[in-house]
Amino acid sequence: MVELTHLTIAEARDGLAGGVFSATELTEAHNTAIEAARPLNAMVLETADRARDMAARSDLRLAKGEGGMLEGIPLAIKDLFCTEGVRTTAGSHILDNFVPPYESTVTANLWRAGAVMLGKTNMDEFAMGSSNETSFFGPVENPWRKPGDNRPIVPGGSSGGSASIVAARAALAATGTDTGGSIRQPASFTGLVGLKPTYGRCSRWGIIAFASSLDQAGPLTRSVRDAAIMLSAMSGHDPKDSTSADLPVPDFEAALSGDIKGLRIGIPSEYRMDGLPEEIEKLWQQGIRWLEEAGAETREVSLPHTKYALPAYYIVAPAEASSNLARYDGVRYGLRVEGDDLTDMYERTRAEGFGAEVKRRVMIGTYVLSAGYYDAYYVQAQKIRTLIARDFQSAFDDVDVLLTPTAPSEAFAVGDKSDDPIAMYFNDVFTVPASMAGLPGVSVPSGLSETGLPLGLQLIGKAFDEETIVRTAGVLEAAAAFDAQPEAWWETGQ
Amino acid sequence: MIQGANGEWEVVIGLETHAQVVSNAKLFSGAATEFGAEPNSQVSFVDAAMPGMLPVINKVCVEQAVRTGLGLNAEINRHSIFDRKNYFYPDLPSNYQISQYKQPVVGEGKVIVDLEDGSVCEVGIERLHLEQDAGKSLHDQHPDSTYVDLNRAGVALMEIVSKPDLRNAEQAGAYVRKVRAILRYLGTCDGNMEQGSMRCDVNVSVRKPGEPLGTRCEIKNVNSVRFVQQAIDYEARRQVDILEEGGTIDQETRLFDSDRGVTRPMRSKEEAHDYRYFPDPDLLPLELSEDFIEAIRADLPELPDQKKARFVEALGLSDYDAGVLVAEKEVADYFEKVVGGRDAKTAVNWVTGDLFGKLNESGREIAGSPVSPADLGGLIDLIADGTLSGRLAKEVFDAMFESGRPPAEIVEERGLKQVSDSGEIEALIDTIIAGNADKVAEYKSGKDKLFGFFVGQVMKASQGKANPKVVNDILREKLG
């Protein structure tokens, strides 16, 4: 009997199609694994009964040969996606009683493709964080630990629950969202593939907004092929999202030709920054060699405004967030804390409902938009954003894809950076530029750090050219042959 | 000009007119916009600012804004931006209003305003932008709670900003009426101020002639032409009084209290917002193609100024009559149906005289007139073909207004048909002459005035139905 929870989506798909096991068996195995993985605190809601129902219906469709692209595949859903009739919290106290009467477009696409929902994953509150320590429901633990060291490690963020539960072999894949690196960085920290598509590829309708001009849904998976399959199912034009691209969705899996001969790979010099750990530099060099060995050409490119990307991001994203989060006011839904008058009610509700990091960003965002500061901060940041996009455009005149590290470090211990926002924000230094330019990026697990934790390399592509990064990621994945797995300490109660 | 204790003051007025766009759905959601529905029955998830919901522009509202811009002789901006105006209020579910700040859809234009004395003045339009309306707080539903009705939340408004070109209340009133007429002609706003589908913010300042602009006060949400005028008169006088006593005007937002006819400051809580405008990242810039704009231009209806010119030129009406008729689209439309090839001056007299009189008396609008334009036209035809005398026609018209029935039916039923048969009339005249030999003698001896007496007698004998012209002709012949 195969270990059902250790399959990739592609393998599970074949097993289901061949009748080796049923969707119900596959789902039950994952329901059990999710229960066992509770010590990770990766799930904020388990929906085992719903999963059983969905799996049973998948079995009926499979029996009739009517299965969709993800028929019977059990997935975990980041709790930022509104799910009809299923509590959706964004990791926040202010929404901890909120049950949406509608289904997000991306999850609706997944269910239409036959996927099964195992539950909702923990996340940084309103997707604001890089370690999954800002959740109202408590930090998520990374299934990986340093050998010989039982200290809990963060899974990265904000899609930390999604990353943790897939890395723990308790869901075949999960949805994430990425605003400045929230898919790619957790993927790097947990040994997964994490793909952020081009802004506009996936509909944002029904995804609780953090920073509207940056937010983008994407998959966290155990293989590049799985990421391609997931992305095909999640994507598509949605008239309900004005920023959704009206473009056909390619068969991303078909892009996995394994052939990158003659492909031009750019290595951005500005990403080789001071203080970058040597092991990450070494891994990066290894990645360059792997791609060259597969027949690609590599060359240095310059993205001169890279150093401004992170500060500009931490103006734009909080500015949009301060406005997006204004609706959580206790008037219509979610938490309300009564007060002496309207203003008092607003203040008490938001003081109690939001955590420290959300408050910090709402304050920053309010400040940079206020009269007298708008031009100095918000307008400047938007100009930088234009310059960053231009950097990428000119780089892509010469190359087809860029190779960089995903994160400037391995996963760190819970509590290590939670008191130092600047150190925490620095986690996004390699992922933010592509986000600011709206470009697709994918993190591929490429090796282990000296302390035995996973490290990822990032590929950045041209807008709406996910196919090239998928193809390149497939080659990188094969060369890296990353097959390390965390020990299942949570099952033995360590 | 206002006469103050130490000389004349010039009043400077600019108006911001908020006009609700005629559209079936809201500006960024598919929810309905009908007036007077059950509270919260026309609210989509977008309108209620549910988590994860996104606005999508309603193309119809953009067309309406462009149509209005063209009707105001204004520049249409091919590229415009929707911004968020951030402030907390319970009837604003997202706690930001989607509006247009720096780059509105419509730029500068102008309106020709017709004044009482027949003169006109030109008022500049600064801009027109699209924005969402807010919901409504209901304070009278519960002793200590406020309820919110979101039916109106998200409904499309056009804010039409005039330049500070107005100098007195009369001009301001005429401007509002003219803008309302243009919107109604265009079908872009019903202009119904009582229902709140059109309301004005009035900016007023005063200065000595030739001096720079004074500090202005903004009077918010004034909802009738009369109140606009009252508010201006009060506010201008208030400012003059303060300045003449050596005081200074505080730039502030004020409310018009229509019960007392005064303006007073709004509570401080509601002013001094920092709205933190920024482009709404959920919406792409609004890009309009030349074709889109030209298609709307080609489809524009005849507007009041054009209609007035046509009435004067083609129908030979006076400027005054034409102005009265085109002021309301419904009146102009009614008139055009009445005239339909008939004598225009006769039609004007019936519409602006008898019909307006009756409508006024009964407190009705022309839309609710019991007399259809076709029937009024029919009545005019009955006069023209000699069936009815002017006097009989008035009687028939009164009956038409009472009953809503067509004139022919009334004429038939009451036997009011004018008698033009000369034999019949001659017989009547012979009887009258025979019975008034003394008066005939007097007339013949030169008392010409008695002619009227004979006409009257004949008309009386015919119960008013004798054709007066025929009566006159025969009488003159018989009396020599």
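The values are calculated or read from the model by the stated rules, or taken from the named source; none is laboratory data. Note that the structure is predicted; figures quoted are calculated from it, not measured. Quick reminder, even Gly has a Cβ in these numbers, built from the backbone with ideal geometry, and neighbours come from all protein chains shown.
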For a quick check of your reading of the model, give me the residue pairs whose first member lies in segment A:65-82 and is under 11 Å from residue A:208 (Cα atoms), whose second is among the aliphatic types (A, V, I, L, M) and in a loop (DSSP other than H, G, I, E, B), with beta-carbon atoms closer than 7 Å and at least 6 apart or on different chains. A:78/A:123; A:79/A:90; A:79/A:123; A:80/A:90; A:80/A:123; A:80/A:208; A:82/A:208
Does residue A:45 satisfy being closer than 30 Å to residue A:359 by Cα and more than 14 Å from chain B (Cβ to nearest Cβ)? yes
Have a look at A:66, A:46, A:28, A:3 and point out the one that is farther than 26 Å from residue A:224 by Cβ and at pLDDT below 95. A:66
Residues that are more than 13 Å from chain A (Cβ to nearest Cβ), at pLDDT below 95, out of contact with any strand residue (DSSP E or B) (no Cβ under 6 Å at 6 or more places or on another chain) and more than 20 Å from residue B:300 (Cβ to Cβ): does segment B:72-89 have at least one? no
Being buried (at least 18 other Cβ atoms within 10 Å of the Cβ) and facing another protein chain (nearest Cβ under 8 Å) is the filter here, so list the residues in segment A:82-101 that pass it. A:82, A:88, A:90, A:95, A:98, A:100
May I ask you to say which residue of A:203, A:257, A:182 is polar (S, T, N, Q), part of a loop (DSSP other than H, G, I, E, B) and over 26 Å from residue A:71 (Cβ atoms)? A:182
Which of the residues spanning segment A:314-329 are within 13 Å of residue B:89 (Cα to Cα) and in contact with a strand residue (DSSP E or B) (Cβ under 9 Å, 6 or more places away or on another chain)? A:326, A:327
Residue B:284 passes all but one of (1) touching a residue at least 60 places away in the same chain (Cβ under 8 Å); (2) under 30 Å from residue A:315 (Cβ atoms); which number fails? (1)
When you go through B:92, B:54 one by one, which is the residue that is within 14 Å of chain A (Cβ to nearest Cβ), closer than 20 Å to residue A:326 by Cβ and under 31 Å from the mean Cα position of the chain (by Cα)? B:92
Which listed residue is touching a Ser or Thr at 6+ places or on another chain (Cβ under 7 Å) and touching a residue at least 60 places away in the same chain (Cβ under 8 Å), from A:139, A:100: A:100
Considering (1) within 30 Å of residue A:316 (Cα to Cα); (2) modelled with pLDDT of 95 or more; (3) out of contact with any helix residue (DSSP H, G or I) (no Cβ under 6 Å at 6 or more places or on another chain); (4) not small (Gly, Ala, Ser), say which one residue B:276 fails and leave the rest. (3)
Going through segment B:182-222 one residue at a time, which ones are within 13 Å of residue B:160 (Cβ to Cβ) and either modelled with pLDDT under 95 or in a helix (DSSP H, G or I) (or both)? B:182, B:183, B:186, B:191
The residue that is farthest from the chain's Cα centre (by Cα), considering only those in segment B:197-238 that are closer than 20 Å to residue B:330 by Cβ and touching a residue at least 60 places away in the same chain (Cβ under 8 Å), is B:197
Where a residue in segment B:36-59 is touching a residue at least 24 places away in the same chain (Cβ under 8 Å) and its partner, wherever it lies, is acidic (Asp, Glu) and outside any loop (DSSP other than H, G, I, E, B), with Cβ under 8 Å and at least six apart: B:39/B:149; B:40/B:149
Does segment A:373-396 contain at least one residue that is more than 14 Å from chain B (Cβ to nearest Cβ), free of Cβ contacts under 8 Å to residues at least 24 places away in the same chain and over 30 Å from residue A:457 (Cβ atoms)? no
Taking the criterion of being within 22 Å of residue B:317 (Cα to Cα), outside any loop (DSSP other than H, G, I, E, B) and among the basic types (Lys, Arg), would at least one residue in segment B:345-356 satisfy it? yes
Selection count, segment A:287-301, where residues are surrounded by fewer than 20 Cβ atoms within 10 Å (Cβ to Cβ) and either modelled with pLDDT under 95 or touching a strand residue (DSSP E or B) at 6+ places or on another chain (Cβ under 7 Å) (or both): 6
Selected residue (criterion: surrounded by the most Cβ atoms within 10 Å (Cβ to Cβ)) from residues of segment A:7-18 that are farther than 18 Å from residue A:51 by Cβ and touching a residue at least 24 places away in the same chain (Cβ under 8 Å): A:10
Residues of segment A:381-408 being surrounded by fewer than 22 Cβ atoms within 10 Å (Cβ to Cβ) and closer than 22 Å to residue A:190 by Cβ, in sequence order, are A:408
Could you list all residues from segment B:143-159 that are in a strand (DSSP E or B) and either modelled with pLDDT under 95 or within 14 Å of another protein chain (Cβ to nearest Cβ) (or both)? B:147, B:148, B:149
I need the full set of residues from segment A:206-236 which are in a helix (DSSP H, G or I) and buried (at least 24 other Cβ atoms within 10 Å of the Cβ), in order please. A:224, A:226, A:227, A:228, A:229, A:230, A:231, A:233, A:234
Taking the criterion of being within 21 Å of residue B:118 (Cβ to Cβ) and not assigned by TED's automatic domain parsing to the domain that holds residue B:111, would at least one residue in segment B:354-376 satisfy it? yes
Taking segment A:359-372, which residues are modelled with pLDDT of 95 or more and within 14 Å of chain B (Cβ to nearest Cβ)? A:362, A:363, A:364, A:365, A:366, A:367, A:368, A:369, A:370
Lone qualifier among A:179, A:175 - being closer than 16 Å to residue A:8 by Cα, touching a Phe, Trp or Tyr at 6+ places or on another chain (Cβ under 8 Å) and within 14 Å of chain B (Cβ to nearest Cβ): A:175
Residue hits (segment B:29-45; buried (at least 18 other Cβ atoms within 10 Å of the Cβ) and more than 9 Å from every other protein chain (Cβ to nearest Cβ)) are B:29, B:31, B:33, B:42, B:43, B:44
Say we look at segment A:335-348 and pick out the residues that are under 20 Å from residue B:153 (Cβ atoms) and more than 8 Å from chain B (Cβ to nearest Cβ); which of these is nearest to the chain's Cα centre (by Cα)? A:336
